[in-house]
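Below is one structure; the comments refer to it alone.
Laboratory data are not the source of any read-out in this text; all were calculated from the coordinates shown. Note that this is a predicted model, so its numbers are computed, not measured. A quick note on method: Cβ atoms are made from the backbone with ideal geometry, for glycine too, and the neighbour counts reach across all protein chains shown.
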Amino acid sequence: MSPCIEWKGTLRDKDGYGRRKYRGKVWQAHRAAWHECKGEIPKDLWVLHRCDNPACVRVSHLFLGTHQDNEDDKCRKNRQSKGEGHRNAKLIQIDVDLIRGLYSTGEFQQKELAGMFRVGQNQISRIVRHEEWA
């Protein structure tokens with residue numbers, strides 16, 4: 001693959017995507033690049049990066065896909081946020097270790113631990129079975 005062309009503008013969002021004014025509005029730079037070179041972006045499609053570089057605006061590194069395509073690509077490349085880095089995380093690693101330790105004593109039921117840590121019993125179950133926070 002050819003090298004990335006990184007957005008050189010001063011505006012970037014919190015995830016590293018370039019931002020630029022285009023057609024009177026602020027666009028993500030890679031979407032504006034696609035639009036300039038390839039035309040309209042269908043309403044239900046996203047502009048995705050083959051290179052996984054959010055600052056890249058090289059059109060040959062971009063492709064159209066659905067939200068599900070983006071999620072599948074992220075999982076295939078193991079880029080999804082996990083553990084306490086996940087935006088919806090309610091626990092940190094210390095909590096998970098404590099949950100597993102307390103549960104292993106046999107003195108606490110999953111429902112009790114869920115109440116103590118303010119999460120659902122299903123999450124506690126997945127944690128103690130190492131299906132989450134593996």
| remark: Looking only at lysines whose Cα falls under 18 Å of K90's and that sit 8 or more positions away or on another chain, we get K82, K111
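Pulled fully out, how much extra length does the chain show between K74 and R118, if you take 0.36 nm times their separation in residues and subtract their Cα-Cα distance? Each step should come with its number before you reach the end.
On the way: separation 44, 0.36 × 44 = 15.84 nm, distance 2.90 nm.
Gain in length upon complete extension: 12.9 nm.
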| How big is region 19-76 in terms of Cα radius of gyration and Dmax, in angstroms? | 11.3, 36
| the chain - charge dipole about Cα centre, Lys and Arg +1 at Cβ, Asp and Glu -1, debye rounded to 20 | 700
| request: Subtracting the Cα-Cα distance from 0.36 nm times the residue separation, let me have the gained length for M1 to K14 in nm, one decimal. | output: 2.1 nm
| message | Could you give each residue of region 90-99 its phi-based ³J(HN,Hα) in whole Hz, using Karplus coefficients 6.51, -1.76, 1.60 with θ = phi - 60°, and x for Gly or Pro? | response | 9, 10, 10, 4, 4, 4, 4, 4, 5, 4
| task | With Rg and Dmax of the Cα atoms in Å in mind, check [x] 20.9, 63; [y] 16.5, 54; [z] 15.8, 48 and report the label derived from this structure. | result | [x]
| note | Scoring the chain by relative contact order with C-alpha pairs under 8 Å, at least six apart, yields a percentage of 16
| query | Hey, fewest Cβ within 10 Å first, where do K14, K25 land in order? | reply | K14, K25
| field | Reach of K21 by Cα under 19 Å, taken over aspartates and glutamates that are not fewer than 8 positions away in the same chain | value | E6, D13, E36, E40
| Which ordering of F108, F117 is given by a fewest-first count of other beta-carbon atoms within 10 Å? | F108, F117
| query | Of G115, A29, P54, which is farthest on the positive side of the dipole of the chain, counting Cα position, with +1 on Lys and Arg Cβ, -1 on Asp and Glu Cβ, and the Cα centre as origin? | reply | A29
| Tell me, V96, V26 in order of fewest to most beta-carbon neighbours within 10 Å? | V26, V96
| message | Which GluC sites (Glu not before Pro) in region 1-48 sit in a loop by DSSP (not H, G, I, E or B) and have at most 15 other Cβ atoms within 10 Å of their own Cβ? | response | E40
| Estimated dipole of region 19-76 in Debye, rounded to 20 [Cβ of Lys and Arg +1, of Asp and Glu -1, Cα centre] | 420
| request: Please list, in chain and number order, the residues 5+ apart from L62 or on another chain whose amide H is under 5 Å from its amide H, with Hs placed from the backbone. | output: R50
| Partnerless cysteines, meaning none of the other Cys C-beta atoms lie under 4.7 Å away, in the chain | C37, C51, C75
